[in-house]
Amino acid sequence: MAASLPIHVYTNLEDVYQNLGTSLKHAERWDNLARTFKARFGRTPAYITRAPGRVNLKGEHIDYSLFGVFPCAIERDILIACAPASDRTPGSVVVENLHKKYKPQIFAPVRKPTFGAVGEEGVPKDAVQLQAWHLDINTAELGWEGYVKAGYYGVLNHYFPLELDSYPVPVDLLVDGTVPAGSGLSSSAAMVVSSTLAFLAVNSILEDATPTKGALVEMAVENEKRVGVNSGGMDQAASVISLAGSALYVSFFPKLCAEPIPLPGPQPDSPDLPSAIFVCANSLVVSDKAVHAKYQYNLRVVESLGAARVLAVRLGVEVGTREKITLRGVMARFMNEPLDHIDEDVRKVKDGLKRMVKEVECLRPDGAEDGDQLGVTLETMIEWSGMGDELFKDVYLSWVEVEATHFQLYKRAMHCYTEALRVLKFRDVCLTIASSPTTYQGMSAFEALGVLMNESQESCAQFYECTGPEVDELTKLALEAGAYGSRVTGAGWGGCIVSLVDESQVDSFIARMKEGYGPYHGLEGEALQEVIFATKPSSGVCVYKFT
Ligand code: NG1
Ligand code: MG
């Protein structure tokens, strides 16, 4: 199982490049980073860690409802060169970035009383003084180093428990990233994963404690919450576990599983099959998730959980008083699924999803037709939950700030169950075609994948309302420019789209997109490649140790 493999530490650069599936382009960047580190910090780095961004091919906004998703790592990544520093405060960090707009930062973790010091006002005299690691992360005005601090947290909490009274080594870090920020390609997860790895490596934890890839994913998910976004685990899983040439089917229920799945196209035994490629196109609308989370991302998390709670009540599914049951959890109980590895039994999951798509109708406000207001006020949602005001607010709203007049329980649940079903169909197409190069339900593999991508875009626009006018326009242009399918990827509200394009048509596709999309006019060469580029599934994290 891919998630239970240890994180390999390479000591030979040739092996690193082989793992990446290419190329001199990479070699130059790794060399340049090591050289610049030496010039700035006066010594060779001890390690370089790499974590790629990802493009999500299928399964949008359903990971935090614990449904399986289908992303793949991309070639763009975050590299971090690091080495222990001598003669500095224990645990202190100097972090610089090759890109000038990200200014150098210095910080150090401190031990802070969690509930105020004993004797302070409001703290009982006999209180046990608890302490926790603390790093200042201002989520309202998040600086780039916030992601590095987030990566540090998990390492501190897991490997430097306060009772042992040990500190991590002081460290110098140099970052070089090529994942565009705020574009739905998970630069944030790549930053958090790569810095988590750097702190693990430099404190000798990677080699001494050999955490598995799954453990790194879990730590990175917890870490990313420190920057204020209650994300699911898709991005971190894709960044950590992916294999070059394959997409990754990641399921979360009842525990994380990841399965590399080859995409249709030429196979070793049938090299002449047609080939298609995924093209990412940035709408150039930056979605600053940390800033807008309260009426976008985190609101969707709350709506999905609210929908699950109300659905459970309506379907007579038992839920613990303070349990935050997910839409996946409701389905499991409603369908009486046994709780061992159930998402590995894809056929049963599909049957459950088809059933749930029908059951979701019970979340429609009485008599409301499509086009009417399908959402409910906070008061109604609480009433429907049967929990009472205080308990509902404590369980669902005390840990997150959200802002909305209406909560769209019906639409969000409908998106989740139909999208989860589309993920499994997407996976089926890939598996069927890989094992026998025939057609899928009368279509070519690429046509079938394209249809599923378009349905997903439609559902994100209509039911999950996470696209936006520019993204909608771009996907439309992509279809006109000949894509098999096209959809928003990542959190949305701007950011990138992903389109499936015949490999031989990529250049003309890009030319037509450039012509059609206003913000691309006048962009040439590298500037154009920054915003629209073809990408092949790349491999996940990699650590190189200088010897
Ligand atoms: P982006 O914004 O593309 O990194 C976010 C979440 C994912 C997933 C997608 C929507 C984070 C770190 N990631 O991805 O877990 O929910 O949105 O499918 O917030
Ligand atoms: Mg992100």
TODO: Calculate how many DSSP beta bridges within the chain are antiparallel, expressed in % of all such bridges and rounded to the nearest 5.
DONE: 90
Open item on the list: Let me check against my output: what whole-number percent is the relative contact order of the chain, with C-alpha pairs under 8 Å and at least 6 apart?
Closed with: 23
Task: ³J(HN,Hα), Karplus 6.51/-1.76/1.60, whole Hz, each residue of the range 150-165, x for Gly, Pro - done: 4, x, 6, 3, x, 5, 4, 5, 7, 10, 10, x, 4, 5, 7, 6
Task: Cα gyration tensor shape of the range 266-339, rounded if a/c is under 1.5, else prolate or oblate by comparing a/b with b/c - done: oblate
- [ ] Please sort 312-323, 468-479 by packing, taking for each peptide the average over its residues of neighbouring beta carbons within 10 angstrom, highest first.
- [x] 468-479, 312-323
TODO: Could you line up Arg43, Arg422, Arg226 from fewest to most neighbouring Cβ atoms inside 10 Å?
DONE: Arg43, Arg226, Arg422
- [ ] Normalising by the residue count of the range 297-411, find the relative contact order in percent from Cα pairs under 8 Å and 6+ residues apart.
- [x] 38
Open item on the list: Can you compute 3J(HN,Hα) from phi for each residue in the range 466-483, using the Karplus curve 6.51 cos²θ - 1.76 cosθ + 1.60 with θ = phi - 60°, rounded to whole Hz and x for Gly and Pro?
Closed with: 10, 9, x, x, 5, 5, 4, 5, 4, 5, 5, 4, 4, 5, 5, 7, x, 5
Open item on the list: Can you give me the distance in nm between label points at Thr380 and Tyr295, each placed 7 Å from the Cα along the Cα-to-Cβ direction?
Closed with: 2.0
Open item on the list: Between Leu391 and Lys350, what's the calculated FRET efficiency when r is the beta-carbon distance and R0 is 41 Å? Round to 0.05.
Closed with: 0.75
Open item on the list: Report the Rg/Rh value for the range 297-411, based on alpha-carbon coordinates and the Kirkwood definition of Rh.
Closed with: 0.97
- [ ] Compute the length gained on full extension between Gln373 and Thr439: take 0.36 nm times their separation in residues and subtract their Cα-Cα distance, giving the result in nm to one decimal.
- [x] 19.6 nm
Open item on the list: Along the Cα→Cβ direction, 7 angstrom out, place labels at Ser504 and Thr44. What is the inter-label distance in nm?
Closed with: 4.9
Open item on the list: I need the phi-derived Karplus couplings for the range 48-64: 6.51 cos²θ - 1.76 cosθ + 1.60, θ = phi - 60°, integer Hz, Gly and Pro marked x.
Closed with: 10, 10, 10, 9, x, x, 9, 10, 8, 7, 7, x, 9, 6, 10, 5, 7
Task: Whole-angstrom gap from the range 438-515 to the range 67-95, using each part's C-alpha centre - done: 32
Task: Thr467 long-range amide H proximity, modeled H, under 5 Å - done: Trp493
Task: Cut-off under 5 Å, modelled amide H: who pairs with Asp77 long-range - done: Gly53, Thr178, Val179
- [ ] Could you order peptides 369-378, 172-181, 185-194 by the average number of other Cβ atoms within 10 Å of their residues, highest first?
- [x] 185-194, 172-181, 369-378
TODO: With a/c under 1.5 counting as rounded, go ahead and sort the chain into rounded, prolate or oblate using the C-alpha gyration tensor (a ≥ b ≥ c being the square roots of the eigenvalues; past the cut-off, prolate if a/b is larger than b/c, else oblate).
DONE: oblate
TODO: Please label the shape of the range 453-517 as rounded, prolate or oblate, based on the square roots a ≥ b ≥ c of the eigenvalues of the alpha-carbon gyration tensor (a/c under 1.5 means rounded; beyond that, a/b larger than b/c means prolate, else oblate).
DONE: prolate
Task: Most to least packed among 441-448, 69-76 [average Cβ atoms within 10 Å] - done: 69-76, 441-448
Task: Lys536 paired with Ala132, simple spin-label distance in nm, labels 7 Å along Cα-to-beta-carbon - done: 4.5
Task: Amide hydrogen neighbours beyond the local backbone of Val171, cut-off 5 Å, H modeled - done: Ala85, Ser92, Val93, Val94
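Since every read-out is calculated from the coordinates, none of them should be taken as a lab result. These figures come from a predicted structure and were not determined experimentally. Heads up, the Cβs are rebuilt from the backbone with ideal geometry, glycines too, and the neighbour counts pull from every protein chain shown.
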